[in-house]
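Notes follow once the structure below has been shown.
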Amino acid sequence: MSTHGLSPRTAWPVATLIGLAAAAYTAWVLEVVLSTGLNPIETYVSELAAQDQPLGGLFRATDFTAGLLAFCGGLLALVRLLKYAESRRSWAVIGWAGVALFGAATAADAWLPLSCTPTVDPECAARETAGLVPATHQAHAVSSSLAMTGALVGLVALTVAARRYGWFAPLARYGPALVALELLATVWTLSAIALFTAGRGTWALGAGQRLQVLLVALWLGLLAYSVHKEGRT
């Protein structure tokens, strides 16, 4: 039995689920070839899935798929870690719990779409400011915040686990750089959102947020590869 919680026989489902989640979480890049009418430099990624967008259903479906896959992968890894006391390392447990939270909240996002696109529709922005939009707008903000919190917890904790416990050589090697870039992208995104909310423009909000979610997807892919390569979590 692996001291890291999963034998090779049971590690491959985790690697597969997380790898597929990473792929589905990059579905927004389809905007490069599809006509969405939204400027990727200025708009929220979640506006692609807004109810008033012609391709909203597609992006809601991919968000839900990515979230469900990540949740199942994180939960499976977490259950196995909790089952074996010798593999119950705190950073690993926290990290996989973060991945599961990220997945659950991302899946919830798909069921709580924006009704309109505030960064490009002044009327939508005005209604949002006045609190005249559906409650799903606020609920979406909460679920999105939880998703990114879970992602950051997972990124940091599992990268620390890889380096501290001598696990996952690929993650231990490249994870710290991805974590640092993710934190910078998060600061950019949150700053741009604050400025937009204050009526001071978008400040390339879309570019910052797309970089943020792309880095999460790359990290998930690296995690999946690490699990597959070492046959454990």
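Just a few scattered comments:
- For region 75-182, the share of accessible area belonging to carbon and sulfur comes to 66 percent (1.4 Å probe, ligands and nucleic acids excluded).
- Neighbours of Val120 by Cβ distance under 9 Å: Lys/Arg scored +1, Asp/Glu scored -1, total -3.
- Of the listed residues Arg210, Arg164, Arg89, the order by accessible area with a 1.4 Å probe, largest first, is Arg164, Arg89, Arg210.
- Subtracting the Cα-Cα distance of Thr197 and Ser145 from 0.36 nm times their residue separation leaves 17.2 nm of extension gain.
- Local electrostatic count, Leu158, Cβ distance below 14 Å [Lys/Arg +1, Asp/Glu -1]: +3
- In this structure the chain gives 46 Å² per residue of accessible area when probed at 1.4 Å with all protein chains present.
- Nitroxide proxy distance, nm - points 7 Å out along Cα→Cβ at Ala180 and Val33: 3.5
- Helix-only mean residue ellipticity at 222 nm for the chain, each DSSP H run of n ≥ 4 adding -39500 (n - 2.57), per residue, nearest 500: -24000 deg cm²/dmol
- Summed side-chain charge close to Met148 - residues other than Met148 whose Cβ falls under 15 Å, Lys, Arg +1, Asp, Glu -1: -2
The values are calculated or read from the model by the stated rules, or taken from the named source; none is laboratory data. A quick note: this is a predicted structure, and the numbers were derived from the prediction, not measured. Cβ: placed from backbone, ideal geometry, glycine included. Neighbour counts: every protein chain shown. Protein only, heavy atoms only, side chains kept; ligands, DNA and RNA dropped before computing areas. Shrake-Rupley method; radii C 1.70, N 1.55, O 1.52, S 1.80 Å.
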